[in-house]
1. Can you list the lysines whose alpha carbon is less than 19 Å from that of residue 88, not counting same-chain residues fewer than 8 positions off?
2. So who's got an amide H within less than 5 Å of the one on residue 216, skipping anything under 5 residues away but keeping other chains? H placed 1.01 Å off N, in plane.
3. Per the helix-only calculation at 222 nm, which mean residue ellipticity applies to the chain, given -39500 (n - 2.57) for every DSSP H run of n ≥ 4 and division by its residues, nearest 500 deg cm²/dmol?
4. Quick one: Debye curve from the C-alpha atoms of segment 303-443, no solvent, what's log10 I(q)/I(0) at q = 0.17 Å⁻¹?
5. Can you tally the net charge around residue 316? Count Lys and Arg as +1, Asp and Glu as -1, for every other residue whose Cβ sits under 15 Å from the Cβ of residue 316.
6. Please work out the C-alpha center-to-center distance from segment 362-431 to segment 89-104 and express it in whole Å.
7. Taking a cut-off of 20 Å between Cα atoms, list the lysines near residue 59, but don't count ones fewer than 8 places away on the same chain.
8. So how do 127, 374 line up by other beta-carbon neighbours within 10 Å, fewest first?
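None of the figures in this text is laboratory data; all of them are computed from the coordinates on show. Just so we're clear, the structure is a prediction, and the values are computed from it rather than from any experiment. Cβ placement follows ideal geometry from the backbone for every residue including glycine, while neighbour counts extend to all protein chains displayed.
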Amino acid sequence: MSDTQTPFAPGFQERPFWWEAAPPAPTETPLPDTAEVLVVGGGIAGLSTALELARNGMKPLVIDREPIGWGASSRNGGALSGAGSLGKTRGDLEQAFGAKFVAELAEEGEQAFEDFEALVKRENLDCDYVRCGRFVGAHAPKAMEALKKRAEMINKAGGEQAFILPKERVGEEIDTPRYHGGMLLLRAGSLHPAKYTQSLARAAAGHGATLISGVEMQGYTREADGGFMVQTSRGRIRARHLMLGTNGYTGTMTPWHRRRLIPVASYMIATEELGEERVRRALPHLRVYGDTKKILYYFRPSPDYRRILFGGRASFMDADTKRSAATLHRFLTHLIPDLRGVKLTHSWKGNVAFAFDMMPHVGVNEGVHYAMACNGSGVVTMTHLGKAAAHLILGGGNRPSAFSRLSFPTRPFYTGNPWFMPVVGTAYQIKDRLEGWTVTEDR
């Protein structure tokens, strides 16, 4: 392939673009022998739990086998919404869970977004947050019906925040001929996920939490008094409470949770600097964006509005990030033809976790607290569920989250290895094609 054909700019890196401004760094803190609450997982869920516990007078300890914030918490697209992300891949929420309960979940989801904004302000989190709105493109005419139902659910939960745009108005939101209409969601925003995760970690530490990287949990036993003896790669810790926030990186030491999570790699690319004028030509209102396909896209401008960041399911097998970058580049330039010829500077991936019911989960199993299953929309969701997990630990008069009343399903014989994902991915591709979505090669 010639230099004019390759999608890679000179100096192309297989590393998160977000880490240029906020690379995760290891900590050198000694490991204590005891902890009031041991939180396993130094991503958004675990840090949110630790922050809320510390604000309420407890002394949580957060451990992670990698640097704090190394996982998907610092690799995601940085797109935020409330109820707009609730069970977004499902069209049968009311049939599955009942209209009244779905309304309760949606109201909590909308409140979670407001609480998130209040958190950013209260803790003075340096994360480039802006309420910019979200546009969801309909990949086929029939997808408009699903978007109308979702808009109705959102508006019932939080006022007139979601609007349906017909095909002739798509150009107001994105320079593409591909979408057949879409939904505009006003209560949505964007941030820099690596800066958010680091700011959240600093806030938790500032309130009294201890954060230690390079520590892997290797097993645990329940003690007679209800506490836990936890074996780690650096010794044993006795903890009064144990909480898991491992999501897409949940390991074999917690098999009950692992059997309920489907880890999926999500891939992203960053374009070379295009300048704000060209970015605005492609994305006029500088929102965050997604669509309704099974093989969905999510994308946005960079915080300085000089690049476009684009993500999706480039592969349903574990693919290297240079190969996935070429696939995502093809998706991007097919969606927005004006970007043909644009080069890429970064490509990366991170594990998200889906539940079998496509819903987020928080709760307790055999004494072990958990907040898991972001289902591809983790910033607000995991911030909220981490706080909800903290309230379950604190007890007292805290009202439990409605999400804690959801059962956490699994499937017979499933152990946490998603061997079926290539088959599922092929089925999704076929479904999208049957509905009229095909990606042609660049010309």
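1. 100, 142, 148, 149, 156, 293, 294, 431
2. Those qualifying (amide H under 5 Å, at least 5 residues apart or on another chain) are 233, 234.
3. The helix-only estimate for the chain comes to -9000 deg cm²/dmol at 222 nm.
4. Taking Cα atoms of segment 303-443 as identical point scatterers yields -1.08.
5. Values: positive: 293, 294, 313, 323, 349, 431; negative: 318, 320, 432.
Result for the local shell: +3.
6. 17 Å
7. Within the straight-line cut-off, residue 59 pairs with 387.
8. Going from least to most buried by this count: 127, 374.
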